[in-house]
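Structure record follows, encoded as C-alpha cells.
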Amino acid sequence: MTRATAPDSPGGATVVDRRQVLRVIALGGAALAVPAACGLPSGGRPIVDGPAPTAGPGGSGSDLKAPVAEDATDPGALVKNFLGAVAGKLDVETDFGKANARAKAFLTAKAQRTWPSASQVTVVRVVDGPTSSAGLAGETFVDVTLQPVGQLSSGFVDPSSIPMPPPTVGLRFTVVLNEQAPGSYLIDEIAPRTANAFPLTGMLLDSGGLDGQWYQPQLVYFWSTDNARKGLVPDLRYVPMVGLTRESQRTEIVNWILGGPSNLLGNAVANNLYAGISLLGPSLVAPDSNGLLINLSAAPQGLTSQQVMDQLRWSLRPTFYEGPVRLQENSQNVKADGSSDMYLKSNLADEPYRKGDETAYCVVGGVVREVTDPDQLPQALTNVNRDNRNVRYAALSGDHPYAALVKTDNHLYVGGVYRDNTEPVFVRSELEGTAWTRPVFLPADDPVVMVAVDGRLYRVDLQGKKTEVSVIESPVTAFSVAPDGHRIAVIAGGSAWVCALRVDGQDISAGPPRYIASGLSGLTGIAWSRLDRVLIAGRGTTANYQLAQATIDGAVAETWPVAFSYKITQVVALPRLPSTDSNVPRAMVQTDHNIAYYVSSSHFDPMKLKNPGGSPSPTASAGHAPATEPAPSNPFYLD
C-alpha cells in the first residue's frame, strides 16, 4: 500500500492508493427483544458496495434471493445470512410475515419458542464483527456490534423510534450444528452482551445491503409547496432487488408516490395529493411498443396531468424505466407529454434551476477569484479596491450577479449588480460576529443568503435584514443547502443532522432534524455530494481528519481513505445534475493550515491558481499581483 505525503504538513495528508473496501453483507431478521448497549456511536467500518444493478427497458426482474441457512459454510457466515434473511419487499403485514418466517428457518426449535411475532424491521449498521469464538460442547459464539438507524417500511428508513445519537448494541449468537442436516448450522440463542435499558427489538437488516446488494437506492419525487418556484424534491427510498420482477419494482415506486412523502420532507412538499387513489391493475405490466402504462383510479387534487406525468417519470428513472409513459385515470387516456425530455425541467435540482457550472472560486489575499482564470473577476466583484477586498468567505449566486461576503471586519456584506451596465452595490448587513461559516445563496427566485455566525443560522435579504432560522438547539458550526433548496444538512454540537426546509417566498422554516451517522467523530464540515448523500469531515479511527460520504438517513456510509493531519475546516461539493445520471461529485476542502485541496474518494490535489501573474489585487498601484502569490483558501462553487 503506497502512500503520498501532502505538502501542507510534516506528516502530510495521506492517500491510500486503493480503496479499503469492507463490504458488509446485509443483515436482518433478529426479532428477539434485546437490550441495547448505551453510549455514543463509535464509528464503524466503511460500507462500500459495487455498482448498482442496471435495468433494461423490458420486464425482466432480479434473480436475487434472500440468503438461507444452508448456504452458510461456518457459524460466522450463518449469522451473516440469518441477518440478511428479511431482505425483500416490506410494505404490508403479509410482507413482514414472510420475512419473519424466513428468519425463523435459521433457528433451533428452542430459539423458535422464544421468537416473538414481529411487524417491523430495524436497519442497523455493523460497527464490529462478526467475530467467532469457541463455546461449550460444540457451540460457537458469534459476536456482532450494531448501531440502529431506523425502521424500514414502504422503502424509507424512519429513525423516529431510535434515540439520537443512536447507541451501539452488542449481540452474541450461540450457533450449533444442525442435527437434521449434517454439515450445516442453526442459531440456538441470541442474547445481549451487556445489560442496558434500551431494547433493540424486531427484525434486523444490515444497511450494507441497501446500497445495491439487496436493495437499490432510488429517488422518489414530490412537489414542493413553494408556488413561486414549484418543482420536484427528492425523497430517498430503497427498492427491493430480492424476489421482485421489474414490473413489481416499478409498481412499488408508483405506490410510494401515491402513499406520499417520508416524514423527513415534512411540510416542505405537498402531502395527501393522492389520498384515496390507487393503481389499477393492481400491478404494472411490461411496457409495450407504446411505452409503460400507468392507470390511476382517479385524478389527484391540486396537480395537473402533466405534473403527475413528470413526477412519475422522474421517480422511475434512471434504473427502473426511462422510456415513454402513458397515463390513464380510471382507464381513460389522459393528455400529457410522456415521451419528450420536457419533464426533466421540473426537477428543482436540475436545469433550468441549476446550470451545473463546475467553475471553482477561492479567496486569495482577500480577493475572490476564479481558480482556472484568476484574471476574470465575477461580475458582482469587479471593484477590487472597494467591494472585492478583505474577504474571508464568499458566495456567488448562480442565478444573478450577486455576492455575499464575510470580511475581516467580521461583518456580512450582500449586493451585486442590480441593473445592466451599472456598478455593483453592496450593503453591510445587520449581522456581525466572530465565528462564521461560508455564506450560501438559497435557490429561490428572490435571492436570499443563509449564513451561520456564532452558532446561530440566519436568513439575510439583499437589504441586509436578518432573520434567525431555528434548526436545532446545539450551535451550528457548518451547513449546506441541498441543490433543490428544500433540505439542509448541518453540523451542530459536533454531529451531523438533516432536515427539510419549507420556503414560502423569503420566509424559511426548518422541519425536525434527523441524525446522520457517519462513522467519524468531532465533525467539522458538511456538503451535499449527491441528492441523497452528504460529504462529512471529521476525525477517523486515527488522529487524522477524513471524509465520509453518507446517505441522509445515515444508513449507508463510506469513509474515504484520503486523510489529513491538519484539521479540515470546510467542505464544499458540487452534486452532478440528476439528468446526467452521474453520482461522482466534485469536492474541495480547506485545512486549518490555510491550504485548499481538490479531493475525491481516492486522492487529493493542492489547489493552485492557473497563471496567477498579473491577476487583480487590492493595491494602490495598477492592480498587479504581489511578487509572492498568497495561497488560495476557502474555495467554493456557484450556488
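The values are calculated or read from the model by the stated rules, or taken from the named source; none is laboratory data. Since the structure is predicted, the reported quantities are computational estimates derived from the model, not experimental observations. Cβ coordinates were reconstructed from backbone atoms using ideal geometry, including for glycine residues, and neighbour counts include every protein chain displayed. For the accessible areas, the whole protein counts, side chains as well, though only heavy atoms, and no ligand, DNA or RNA atoms are used. Shrake-Rupley method; radii C 1.70, N 1.55, O 1.52, S 1.80 Å.
Worth a mention:
- Mean sequence separation of contacting Cα pairs (under 8 Å, at least six apart), scaled by the length of the chain, corresponds to a relative contact order of 13 percent.
- Helix 305-316 axis, angle to the chain major axis (alpha carbon atoms, nearest 10°): 70
- The HN-Hα couplings worked out from phi for the stretch 216-231 by the Karplus form 6.51 cos²θ - 1.76 cosθ + 1.60 (θ = phi - 60°) are 10, x, 9, 8, 10, 9, 9, 7, 5, 8, 7, 5, 6, 9, 6, x Hz, whole numbers, x standing for Gly and Pro.
- In the stretch 337-414, one over the average inverse separation of all distinct C-alpha pairs is 14.3 Å, which is the Kirkwood hydrodynamic radius.
- Secondary structure note: in the chain, about 90% of the DSSP beta bridges are antiparallel.
- Calculated on C-alpha atoms, the gyration radius of the stretch 496-596 divided by its Kirkwood radius gives an Rg/Rh of 1.00.
- Karplus (6.51, -1.76, 1.60) ³J(HN,Hα), θ = phi - 60°, over the stretch 388-400, in Hz, Gly and Pro reported as x: 8, 7, 6, 8, 9, 10, 9, 9, 10, 6, x, 9, 9
- In this simple spin-label model, placing a label point 7 Å from the Cα along the Cα-to-Cβ direction at both GLN112 and GLU473 gives a separation of 4.8 nm.
- Across the options PRO287, ALA500, LEU258, the greatest Cα extent toward the positive end of the charge dipole of the chain (unit charges at beta carbon of Lys, Arg, Asp, Glu) belongs to ALA500.
- Taking the longest Cα principal axis of the chain as reference, the axis of helix 93-104 is set at about 70 degrees.
- Between the Cα long axis of helix 246-259 and the first principal axis of the chain there is an angle of about 60°, rounded to the nearest 10.
- Convex hull projection area averaged over all views, the stretch 116-173, Cα basis, nm²: 5.3
- For GLY398, residues with placed amide H under 5 Å, excluding near neighbours: ASP639
- Relative packing of 120-131, 344-355, 466-477, which averages over residues the other C-beta atoms within 10 Å, highest first: 120-131, 344-355, 466-477
- Residue (of ALA550, PRO199, THR140) at the positive-pole extreme of the chain, dipole from beta-carbon charges: THR140
- Total charge dipole magnitude, the chain, about the Cα centre, Cβ charges on Lys, Arg, Asp, Glu only, Debye to nearest 20: 560
- Cross-link pairs exceeding 27 Å in C-alpha to C-alpha distance, out of LYS80/LYS110; LYS345/LYS610; LYS466/LYS608, comprise LYS345/LYS610; LYS466/LYS608.
- Expressed as a whole percent, the accessible area of the stretch 103-160 that falls on carbon and sulfur atoms is 52 (1.4 Å probe).
- Think of a 1.4 Å ball rolled over the protein heavy atoms: the chain then has 39 Å² of accessible area per residue.
- Top positive-direction residue, dipole computed over the chain with Cβ charges, set TRP528, SER153, LEU78: LEU78
- Along each principal axis, Cα extent of the chain, largest first, Å: 91, 66, 40
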